[in-house]
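Here the structure comes first, spelled out in structure tokens, and everything after it is commentary.
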Amino acid sequence: MRDDLTSNRKGAIGELIVAIDLMEKRYDIFKPYCDDISGIDLVSYKDGWYDSIQVRYHTTTQGQSSICFNVNPCQADTIAMPIANKVCYVPNK
């Protein structure tokens, strides 16, 4: 992702990447109007199951073999991280 974008814009792009990934997997996607209290960015639905998701974008550093994410406490069921050409999903326990 470009370095000259604001963190707000990078976050929005990350949410779109996750939404596209889930839609390709045949999930319905819902977007809260506001997420400043719960930290929930998206809600997915498939086969009678709802999952709340917080999306964390990242910036890459050349030569690094690991990626660390700082995740603020939130009420989301899952943390989604767009990385390269895929999205990683981690339960938020």
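The values are calculated or read from the model by the stated rules, or taken from the named source; none is laboratory data. No experiment lies behind these values; they were computed from the predicted model shown. Cβ sites come from the backbone with ideal geometry, for glycine too, and all protein chains shown count toward neighbours. Remember, those area values only see protein heavy atoms, side chains included, never the ligands or the DNA or RNA. Shrake-Rupley method; radii C 1.70, N 1.55, O 1.52, S 1.80 Å.
Any idea of ARG9's accessible area? Nearest 10 Å², probe 1.4 Å.
In the full protein context, ARG9 sits at about 140 Å².
For the pair ASP28/ALA12, report the inter-label distance in nm, with labels modelled 7 Å from Cα in the Cβ direction.
With each label placed 7 Å out from Cα toward Cβ, I get 2.6 nm.
So how much slack lies between ASP36 and HIS58, counting 0.36 nm per residue of separation and subtracting their Cα-Cα distance, in nm? Each step should come with its number before you reach the end.
Values: separation 22, 0.36 × 22 = 7.92 nm, distance 1.95 nm.
Length gained, ASP36 through HIS58: 6.0 nm.
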